[in-house]
Amino acid sequence: MNGEPARWTREHLAAPAGDAATTAPVIGLPAPPRVLPDDDIWDLWPIQEEDGSTSVVRGSELWMALSAPALGHPEERHDRARLRLLAKDGDGWTDLGHAFADGVSPGSREWSGSAVRRPDGTVSVFYTAAGRRGEARPTFAQSVVEARARLVTDGGRILLDQAAEHTEILRSDGVTYLPADEVEGGPGRIKAFRDPGWFRDPADGREYLLVAASVAASPGADHAFMGAVALAAATPDGWSLRPPLLVADGVNHEIERPHIVAHGSSYYLFFCTHRHSFHPPGSAPTGLYGFVAPSLTGPYTPLNGSGLVLRNPAEEPDQAYAWVVLPDLKVVGFVNYRSTGVTDPWQAEAAEARAAFGGTIAPVLELTLHGAATSLVVPVSTGAGR
C-alpha cells in the first residue's frame, strides 16, 4: 500500500491560480430554481453503478443529497440534515422524499456520503452519522455508516427500503487520524471524519472509501491539526483504515468530499474546501481542488501546480460549493451564498444570510483533463442541474 502521503503545501498554493481555465462563470439572475420550494438542498451525489456510471431507473438518474427545512440561518441546516432521494430526467428533478425513516441513523443527523447499486439490486449508502441518536442538542462526533437498502421500484414508486439496517463501519482510530468527537463546534471549526466517497479501483477490482479526516500537524507546522484524505479498503472482515492519501501540511483545516475519478491511465483525486478553512483564512479561494497520480496510492502531484481546479469568481467568492466530478467530467455543486453586500454570511444575522443563500442545485460545469493540467469548459447548461 501507500507509504508517505502527498503533502499540500504553501509552496503549491503560491503557484498562479484563478485564470479563466479555473474560474467558474458568475451564476446569473434569475437564480436557479429551487428543487424543493420549502427545503434547502446541498452536497449532491449520484447513486453509482459499480462501474462508476450513474444509476438509471425508469429513465431517470438516481441521486442523493442533503436536505433540511429552509428556516433560520442557513448554517443551522447542518443540525437538521437528512439524506434525500432525487430523480433526474430530461424535465429536471423530482423529489423522492427522505432516503430513510426518522430515527434510524445512529447519529442525530445525516451528513454527506456516496452510494453504489449492487448487482443484487440493493444499494450501499455510505454516509456520515453526526452526533448521537437521541441527543438533546447536536454534538459533532462523526463516523461512517453503511445502510444496505433494497431499491423498491414496484407500484410506480422509486424508493429505498426503509427497514434497511444502518451499521457503523468506520471511525477515526485516534492514532493516524484524530478523533472527530467534539461536543461543541460548528462548520469549519471541528475535526473531521466524514464524507465517505466510494471507489472501485479498476486496477485490482477492490473497493475503497475516501474519507475527509484530520491528522496531527507535522513538526514545525503552524496549527495543531490539518485536513487529510483518509483511505479505507474493503476486506473480508469489513473496512480497514490505511495511511492517508493526502495531508494539507498546515495550510488547510478542512478538506471535504474527497473522491476519485479514473481517467485514462491516471487517478484524479478531487476535494473541495472553503476560503476560510485556509491558514491564514482567505489565503486561497473557495474551490474544487485536486491531485493526480498513476495509481490509487500515488505518488500524487497537484493539478495545475497549485491544486486549484475550479474556483468561484472573485465577485462571487461563495456562490457555489461541494462539487463532485462525475466520470464524464461533468461537475455538480450547489448554490451557496450570493453576494448581497454581506461580507461574511456565516456570521451575518439569520435573515440577511438567508436572503443570500441559494440552497439548490448549481448550473452544471465540465472539465477537461490533460495530465496534471485541467481547464473549465463552458457551462453545460444555464438551468440548475439540467
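The values are calculated or read from the model by the stated rules, or taken from the named source; none is laboratory data. If you're wondering where the values come from, they're calculated on a predicted model, not measured in any experiment. Heads up, the Cβs are rebuilt from the backbone with ideal geometry, glycines too, and the neighbour counts pull from every protein chain shown.
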Seminar exercise, completed: Checked pairs for region 188-200, first at pLDDT 90 or above, second basic (Lys, Arg), C-beta under 8 Å and 6 or more apart or across chains, list as Phe193/Arg171; Asp195/Arg257; Gly197/Arg257; Arg200/Arg206
Exercise. (1) over 22 Å from the mean Cα position of the chain (by Cα); (2) surrounded by 16 or more Cβ atoms within 10 Å (Cβ to Cβ); (3) of a type in the set (S, T, N, Q): which one isn't true of Ser218, the others all being true?
Worked result: (2)
Exercise. Using beta carbons and a limit of 9 Å, which pairs, at least six apart or on different chains, have the first residue in region 312-325 and farther than 19 Å from Ala212 by Cα and the second one of a type in the set (Gly, Ala, Ser) and crowded, with 23+ Cβ neighbours inside 10 Å?
Worked result: Asn312/Gly287; Asn312/Ala320; Gln319/Gly358; Gln319/Ala362; Ala320/Gly333; Ala320/Gly358; Ala320/Ala362
For this session: Scan (1) hydroxyl-bearing (Ser, Thr, Tyr); (2) closer than 19 Å to Leu66 by Cα; (3) in a loop (DSSP other than H, G, I, E, B) for the single condition Tyr177 breaks and write down its number.
Result: (2)
For this session: Can you confirm whether region 339-358 contains a residue that is over 26 Å from Gly72 (Cα atoms), among the aliphatic types (A, V, I, L, M), in contact with a His (Cβ under 8 Å, 6 or more places away or on another chain) and surrounded by fewer than 18 Cβ atoms within 10 Å (Cβ to Cβ)?
Result: no
Problem set entry | Filter result (of a type in the set (Ser, Thr, Tyr) and closer than 20 Å to Pro363 by Cα) within region 54-102 | Thr54, Ser60, Ser67, Thr94
Seminar exercise, completed: In region 9-35, anything modelled with pLDDT of 95 or more and either loosely packed, with under 12 Cβ neighbours inside 10 Å or in contact with a Ser or Thr (Cβ under 9 Å, 6 or more places away or on another chain) (or both) is listed as Thr22
For this session: Test each condition in (1) of a type in the set (S, T, N, Q); (2) buried (at least 16 other Cβ atoms within 10 Å of the Cβ); (3) at pLDDT below 95 for Ser283 and report the one that comes out false.
Result: (2)
For this session: Spot the failing condition for Pro196; the list is (1) crowded, with 18+ Cβ neighbours inside 10 Å; (2) out of contact with any Leu (no Cβ under 6 Å at 6 or more places or on another chain); (3) not aliphatic (A, V, I, L, M), and only one is missed.
Result: (2)
Seminar exercise, completed: Scanning region 340-358 residue by residue, those more than 17 Å from Ile27 (Cβ to Cβ), modelled with pLDDT under 90 and in contact with a Pro (Cβ under 8 Å, 6 or more places away or on another chain) turn out to be Trp346
For this session: Go through region 156-175 and count every residue that is basic (Lys, Arg) and over 20 Å from the mean Cα position of the chain (by Cα).
Result: 1
For this session: Could you tell me whether region 90-103 includes any residue that is closer than 18 Å to Ala180 by Cα, surrounded by 18 or more Cβ atoms within 10 Å (Cβ to Cβ) and at pLDDT 95 or above?
Result: no
Seminar exercise, completed: Selection from region 134-164 of residues in contact with a strand residue (DSSP E or B) (Cβ under 7 Å, 6 or more places away or on another chain), over 21 Å from Val211 (Cβ atoms) and of a type outside the set (A, V, I, L, M, F, W, C) yields Arg150, Thr153, Asp161
Exercise. For residues in region 249-274 being in contact with a helix residue (DSSP H, G or I) (Cβ under 9 Å, 6 or more places away or on another chain) and in a strand (DSSP E or B), which is surrounded by the most Cβ atoms within 10 Å (Cβ to Cβ)?
Worked result: Asn252
